[in-house]
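Bear in mind these aren't lab numbers, they're just calculated from the coordinates by the rules spelled out. If you're wondering where the values come from, they're calculated on a predicted model, not measured in any experiment. Cβ atoms come from the backbone with ideal geometry, glycine included; neighbour counts cover every protein chain shown.
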Amino acid sequence: MPTPAQPRRNTEGNGPLAYFLTFTTYGTWLHGDARGSVDTAHREFETPRAARNADRERAMRHHMTGESVVMDRELRNAVTAAIRTACEYKGWVLEAVNVRTNHVHVVVGAPIEPERVLTTLKAWATRRCRERGLLAPEARFWTRHGSTRYLWTERDIEKAATYVVEGQD
């Protein structure tokens, strides 16, 4: 957790304080899945996910070009370490991170667009896992994009971080 002296993005009140990012491993949580998914119409923090849609899920599965990726403990640890290192290197405020077998949750304050943060974290994690021989050089690791939810208040950050740390099964 950050110390009070660490900067936040929204010091002038012109943007979100942080982002709640979620990204999934390749092929494990497709749009249309019964668990719901986050898409452009369902991306606000604490709003419902996109509903189950078997046709959409089937179409997504049909377009897959590789095997689904499920992370074991070693892979999850490597991803967590890479995210922590990336945030430290970039000077971003890492509020919470939880790497699951098929997805990653991150609550992070950064002075750039959430899509760039998401891309950076995925790249650092992929590179670390490949360097350690945990991921084949040609393997797809992540889905394209992910969920980028804006957190506008300290309370939003607290709720998102609590969900990330304590709200996972």
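Which ones in the range 89-127 are touching a strand residue (DSSP E or B) at 6+ places or on another chain (Cβ under 8 Å) and among the acidic types (Asp, Glu)?
Hits for the range 89-127 are Glu95, Glu115.
Could you count how many residues in the range 127-167 are farther than 19 Å from Ala18 by Cβ, within 14 Å of the chain's Cα centre (by Cα) and touching a residue at least 40 places away in the same chain (Cβ under 8 Å)?
The qualifying residues number 3.
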